[in-house]
Amino acid sequence: EPEVTQTPSHQVTQMGQEVILRCVPISNHLYFYWYRQILGQKVEFLVSFYNNEISEKSEIFDDQFSVERPDGSNFTLKIRSTKLEDSAMYFCASSDTGQGIQPQHFGDGTRLSIL
Amino acid sequence: QKEVEQDPGPLSVPEGAIVSLNCTYSNSAFQYFMWYRQYSRKGPELLMYTYSSGNKEDGRFTAQVDKSSKYISLFIRDSQPSDSATYLCAMTPGGYQKVTFGTGTKLQVIP
């Protein structure tokens with residue numbers, strides 16, 4: 001079964017450094033998303049992306065965050081200057097187009113640890 | 001009032017039991033409802049999805065939505081130890097819009 005893949009599985013970064021999280025969505029999907037889950041808390045929406053632009057973003061997704069689809073297969077989340085509170089699991093998701101509900105399929109996440 | 005409320009558990013049941021997992025929500029705009037299963041250190045895995053009110057069955061799993069009460073349920077019949085995981089309810093106003101998750105209910109099925 002096709003799946004969303006994310007790399008790396010674990011990223012350790014010093015506070016203030018830039019970090020890029022990578023995702024390969026399911027190949028025929030055109031909608032892409034990032035979510036995060038702080039330890040012990042619920043999964044929270046960050047941003048959605050379609051047709052090379054942001055469709056929707058949450059208040060968490062401030063100027064420190066950016067997303068990009070640099071080629072036909074990858075989808076990235078960049079955090080420019082990491083803070084301690086950015087430590088979390090980051091999940092990428094993708095969904096197909098078409099009529100009716102097109103549920104989002106998630107990768108296994110990148111655990112980001114800020115020191 | 002939280003947008004989506006879900007009892008965090010943990011819920012512990014013997015193998016073979018019927019499990020009932022529930023969520024309530026406050027946002028009338030939610031039209032699509034999903035249940036995800038999440039194992040430790042893994043991503044949410046889609047179990048079931050449904051549109052608006054009604055029931056949907058898939059094997060041992062039944063999803064139920066009551067929009068008038070703003071209440072959704074997931075039933076697991078003949079529960080197995082492999083069903084032990086955290087179950088997340090999730091909902092969205094539209095097919096491509098942000099999904100709002102509950103906090104998850106941790107389920108343990110004891111052999």
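The values are calculated or read from the model by the stated rules, or taken from the named source; none is laboratory data. Every value quoted in this text rests on a predicted model; they were computed, and no experiment measured them. Because the Cβ atoms are built from the backbone with ideal geometry, glycine has one as well, and the counts that use them run over all protein chains shown. Side chains included, ligands, DNA and RNA excluded: accessible areas come from the protein's heavy atoms. Shrake-Rupley method; radii C 1.70, N 1.55, O 1.52, S 1.80 Å.
Computed values, structure above
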{"quantity": "Protein heavy-atom accessible area occluded, B/A pair - total, 1.4 Å probe, Å²", "calculated": "1900 Å²"}
{"quantity": "Cα-based radius of gyration of the protein assembly as shown once divided by 2.2 N^0.38 Å, which approximates compact folds", "calculated": "1.02"}
{"quantity": "Chain B, dipole about Cα centre (Lys/Arg Cβ +1, Asp/Glu Cβ -1), debye to the nearest 20", "calculated": "260 debye"}
{"quantity": "Accessible surface of the protein assembly as shown [probe 1.4 Å, protein heavy atoms]: carbon and sulfur percent", "calculated": "46 percent"}
{"quantity": "Positive dipole terminus of the protein assembly as shown, leading residue within A:Gln17, A:Ala88, B:Ser12 (C-beta point charges)", "calculated": "B:Ser12"}
{"quantity": "Cβ-based net charge around A:Arg80, under 14 Å, with every Lys or Arg adding one and every Asp or Glu removing one", "calculated": "-3"}
{"quantity": "Relative contact order of chain A, defined on C-alpha pairs under 8 angstrom at six or more residues apart (%)", "calculated": "38 percent"}
{"quantity": "Computed magnitude of the charge dipole of the protein assembly as shown (debye, nearest 20; Cβ of K, R +1, Cβ of D, E -1)", "calculated": "220 debye"}
{"quantity": "Accessible solvent surface per residue of chain A, calculated while the other protein chains remain in place, 1.4 angstrom probe, Å²", "calculated": "51 Å²"}
{"quantity": "Shielded residues, region B:20-54 - accessible-area loss of 50 Å² or more between chain alone and all protein chains, probe 1.4 Å", "calculated": "B:Arg41, B:Pro44, B:Tyr49"}
{"quantity": "Reduction of at least 40 Å² in accessible surface, 1.4 Å probe, comparing all protein chains with the chain by itself, residues of region A:79-110", "calculated": "A:Ile101, A:Pro103, A:Gln104, A:Phe106, A:Asp108"}
{"quantity": "A:Met15 accessible area, assembled protein chains, probe 1.4 Å, Å²", "calculated": "110 Å²"}
{"quantity": "Surface accessible to a 1.4 Å probe, per residue, for the residues of region B:20-100, Å²", "calculated": "42 Å²"}
{"quantity": "Within region A:1-60, GluC sites (Glu not before Pro) in DSSP loop having at most 15 other beta-carbon neighbours inside 10 Å", "calculated": "A:Glu3, A:Glu18, A:Glu59"}
{"quantity": "Choice from B:Gly59, B:Gly95, B:Gly16 showing the highest fluctuation, given a GNM over chain B with Cα pairs closer than 10 Å", "calculated": "B:Gly59"}
{"quantity": "Cβ-derived FRET efficiency at R0 41 Å, A:Gln14 paired with B:Gln31, nearest 0.05", "calculated": "0.40"}
{"quantity": "Solvent exposure ordering (accessible area, 1.4 Å, most first) of A:Ile20, B:Ile18, A:Ile60", "calculated": "B:Ile18, A:Ile20, A:Ile60"}
